[in-house]
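A short worksheet on the structure shown next.
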Amino acid sequence: MATEDPPSPEILYPAWQNEYLAALIEFDLKKLPERVAAAEAAIFKRLQQLSQNSPHDAERQAIEDGLAGLLVLKREELGFPDWKK
């Protein structure tokens, strides 16, 4: 009988982290914009859900870190401008 693998310890917030990690590991530059957009959409959907609930400080920090990671991907891999310069 097959057993299910336990969830990865890195996936604490599957509502958005699955899409985020898919973007991080995408090597096909043609698919990367779609992955980044899907990750951003999942994050923003989750932020909308969190805004209606009590504080989730750890998840909010993880989301902030995730958005920063996506920004790096967009700048370095997809050629988005660095607006902070």
Only Lys, Arg (+1) and Asp, Glu (-1) charged, at Cβ; the range 14-64 dipole about Cα centre in debye
120 debye
Taking the Cα centre of the chain as origin, sum charge times position over the Cβ atoms of Lys and Arg (+1) and Asp and Glu (-1), and report the length of that vector in debye to the nearest 20.
400 debye
Sorting His56, Leu29, Leu78 by the position of each Cα along the dipole of the chain (Lys, Arg +1; Asp, Glu -1; all at Cβ), the one nearest the positive end of that ordering is Leu78
Which of rounded, prolate, oblate describes the chain, given a ≥ b ≥ c as roots of the alpha-carbon gyration tensor eigenvalues and a/c under 1.5 marking rounded, otherwise prolate only if a/b is larger than b/c?
oblate
Which value, in Å², gives the accessible area per residue of the chain when a 1.4 Å probe is used on the protein heavy atoms?
76 Å²
Once neighbouring chains are kept in place and the probe is 1.4 Å, which whole percent of the accessible area of the range 6-85 is contributed by carbon and sulfur?
57 percent
Solvent exposure ordering (accessible area, 1.4 Å, most first) of Arg35, Arg75
Arg35, Arg75
Of all chymotrypsin sites (Phe, Trp or Tyr not before Pro) in the range 22-85, the ones in DSSP coil with at most 15 other Cβ atoms within 10 Å are Phe27, Trp83
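The values are calculated or read from the model by the stated rules, or taken from the named source; none is laboratory data. Everything numeric in this text was worked out from a predicted model, so none of it was measured. Cβ atoms come from the backbone with ideal geometry, glycine included; neighbour counts cover every protein chain shown. These area figures cover heavy atoms from the full protein model, side chains too; ligands, DNA and RNA do not enter into them. Shrake-Rupley method; radii C 1.70, N 1.55, O 1.52, S 1.80 Å.
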